[in-house]
Amino acid sequence: MIHISETLVLQTVEDFLTPEELSQLRKIMDDEQHTTGWTPRFQAEVVRAPASAQELLRHATNRALPAIQRAMPSIKACADWGYTELTSGGRVPTHLDGIPALGTLPHRIGRIGVVLEEADAGGEFYVETTSHDGVWTGAVAGEADGFQPGTALTHKLPHSPGPDTHQHDSEPEWLRGAARSRWITDAGPGVAVAYGAQVIHGVLPVRAGRLRKFVTDLLDSPAD
């Protein structure tokens with residue numbers, strides 16, 4: 001049974017990617033962008049990483065699972081990895097991902113991100129904590145959903161953008177009135193930051209340079 005603490009945890013894996021793997025991934029993404037000409041169409045757009053990057057990142061995830069499972073024992077696998085980048089002025093507004101589709105396996109218990117290349121200034125990942133009731137919906141999950149009985153549920157952010165809006169356009173209205181405490185990380189390239197699906201988080205504005213990173217969901221069973 002999934003415990004609520006797993007959805008609210010923050011865990012780092014400092015040696016998630018080796019220097020050699022980082023070098024390989026930079027070359028893969030440089031070649032991919034040179035070939036496709038891809039640039040983000042909107043703030044924090046996430047695209048599926050190419051197959052060669054997927055292979056390296058899945059290997060790294062499997063290697064790191066024992067460390068991740070100390071804090072999130074229900075995690076068994078990850079979804080496909082995505083790639084995103086932010087340039088000067090770009091940010092990820094404060095939000096939380098939430099737990100969608102309780103009746104459908106696999107459950108998204110958390111997310112994980114790893115920086116490929118740091119911005120010259122800014123672009124730090126942060127989490128926020130709060131006791132404000134507005135974060136919670138009043139709904140609960142239980143054993144039928146695979147969770148400990150009475151597991152409280154937060155709001156959730158749709159990760160499928162609509163025709164006129166994208167998931168990271170702005171801070172959600174239900175979150176704006178919540179007093180919060182911010183915790184900023186200094187996790188550099190190759191350090192994975194795993195965080196529960198009910199953790200409030202964001203990325204500070206990039207002030208100079210370009211932030212490049214990979215992100216994916218952490219799941220309680222392998223994806224189809």
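The values are calculated or read from the model by the stated rules, or taken from the named source; none is laboratory data. Quick caveat, the model's predicted, so the values are computed rather than measured. All Cβ positions, glycine included, derive from the backbone under ideal geometry; neighbour counts span all protein chains shown. Note: accessible area is taken over every heavy atom of the protein model, side chains too, but ligands, DNA and RNA are not part of it. Shrake-Rupley method; radii C 1.70, N 1.55, O 1.52, S 1.80 Å.
Structure summary
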| quantity | calculated |
| --- | --- |
| Sulfur and carbon atoms: percent of accessible area, segment 92-224 [1.4 Å] | 51 percent |
| In segment 1-94, trypsin sites (Lys or Arg not before Pro) in a DSSP loop with at most 11 other beta-carbon atoms within 10 Å | R41 |
| Approximate shape of segment 92-224 as ellipsoid semi-axes (Cα gyration tensor, √5λ), whole Å, largest first | 26, 18, 14 |
| Between segment 97-132 and segment 172-224, the Cα center-to-center distance that results, in Å | 4 Å |
| Placed amide H near I200: partners under 5 Å, 5+ positions off or other chain | E128 |
| Isotropic mean projected area of the C-alpha convex hull, segment 33-158 (nm²) | 10.1 nm² |
| Convex hull volume per residue in cubic angstrom - Cα atoms of the chain | 126 Å³ |
| Heavy-atom accessible area per residue - segment 18-88, 1.4 Å, Å² | 53 Å² |
| Taking the chain and dividing mean pair separation by its residue count, relative contact order in percent (alpha carbons under 8 Å, at least six apart) | 40 percent |
| Amide H within-cut-off set for V140, under 5 Å, with H built and near neighbours excluded | none |
| 25 Å Cα-Cα reach of K27 towards lysines, excluding residues that sit fewer than 8 places from it in its own chain | K213 |
| From phi via Karplus (6.51, -1.76, 1.60), per-residue ³J(HN,Hα) for segment 95-108 in Hz, x at Gly/Pro | 6, 9, 7, x, 10, x, 6, 4, x, 10, 8, x, 8, 7 |
| Hz values of 3J(HN,Hα) by residue in segment 46-54 - Karplus curve (6.51, -1.76, 1.60), Gly and Pro given as x | 10, 10, 5, 5, x, 4, 5, 6, 4 |
| Candidate aspartates and glutamates for bridging to K76, where Cα separation is under 16 Å - those fewer than 8 sequence places away on the same chain excluded | E6, D217, D220, D224 |
| D (Stokes-Einstein, µm²/s), Kirkwood Cα radius, segment 34-103, 0.692 mPa s at 37 °C | 220 µm²/s |
| Relative contact order of segment 1-125, pairs being alpha-carbon contacts under 8 Å that are 6 or more residues apart, as % | 33 percent |
| Calculated from backbone phi, Karplus (6.51, -1.76, 1.60) coupling profile of segment 34-45 in Hz, x at Gly/Pro | 5, 6, 8, x, 5, 9, x, 7, 8, 4, 6, 4 |
